[in-house]
Ligand SMILES: [Zn+2]
């Protein structure tokens, strides 16, 4: 990319950003989406923000695992089982147990690898968040338009939240693009002029 284009992109970026925020405030969501798409389109392909709920969920989901004591003892290192693979159920005491220990049921889970049953209460549960939801270059699909007064109020809140998330991602990608292409001790003067509202040289 020829570097001379960067100040132009920067100027257009600021213009579209102001348009997007202005349209958001006017609840003119068609123009807001248009300006946000415009912002995204200014960035070279490798910096563009991907709009996909499926991809967003994949990147931000939590992984929950249960540690199986039996498998761990056998293997000599922690064996974690994904929550999705585990069957959790309540175990009711039989007559004798009820007599000896009282009548409380217990929540247990069954390890699919070794078939042994463990008390949920005594289980080491690990929760791993794969990524922070910000600056992953992916946002979910924008919220859908709703009908009805209450739904519209709710939609306003959701669409604003989404727009700010998109804007933050775009700003982050723009900053990265600037860093990668411009911040090598070269002509920084151009960049600073733009926020001051001056014309490009
Ligand atoms: Zn096991």
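Just so you know, all these numbers are worked out from the coordinates, no wet-lab data involved. Computed from a predicted model, the values in this text were never measured in an experiment. Neighbour counts are summed over all protein chains in view; Cβ atoms, including those assigned to glycine, are modelled from backbone coordinates with ideal geometry.
For residue 171 and residue 104, the difference between the fully extended length at 0.36 nm per residue and the C-alpha to C-alpha distance is 18.6 nm. Each Cα pair under 8 Å and six or more residues apart adds its separation to the average, and for segment 43-101 the resulting relative contact order is 23 percent.
Fully extending the segment from residue 154 to residue 15 would add 47.2 nm, taking 0.36 nm per residue of separation and subtracting the current Cα-Cα distance.
Would you work out if segment 63-128 is rounded, prolate or oblate? Take a ≥ b ≥ c from the square roots of the eigenvalues of the alpha-carbon gyration tensor; rounded if a/c is under 1.5, else prolate when a/b is larger than b/c, oblate otherwise. Note, shape of segment 63-128 comes out prolate. Compared with the dominant Cα axis of the chain, that is its longest principal axis, helix 5-25 is turned about 70°. In plain terms, the bigger the Kirkwood radius, the slower the diffusion; for the chain, with that radius from Cα pairs, at 20 °C and 1.002 mPa s, Stokes-Einstein puts D at 99 µm²/s.
Contact order normalised by length for the chain, with contacts defined as Cα pairs under 8 Å and 6 or more residues apart; what percent is it? Rounded, it is 25 percent for the chain.
Each Cα pair under 8 Å and six or more residues apart adds its sequence gap; the mean of these over the residue count of segment 63-128 is a relative contact order of 37 percent. On the basis of the beta-carbon distance and an R0 of 22 Å, residue 92 and residue 72 show a calculated FRET efficiency of 0.20. A simple spin-label model places the labels of residue 161 and residue 26 2.6 nm from each other, with each point 7 Å out along Cα-to-Cβ. Packing, taken as the mean count of other beta carbons within 10 Å per residue, orders the peptides 169-182, 141-154 from highest to lowest as 169-182, 141-154.
One decimal place: the segment residue 146-residue 117 gains 5.8 nm when fully extended, by the rule 0.36 nm per residue minus the C-alpha distance.
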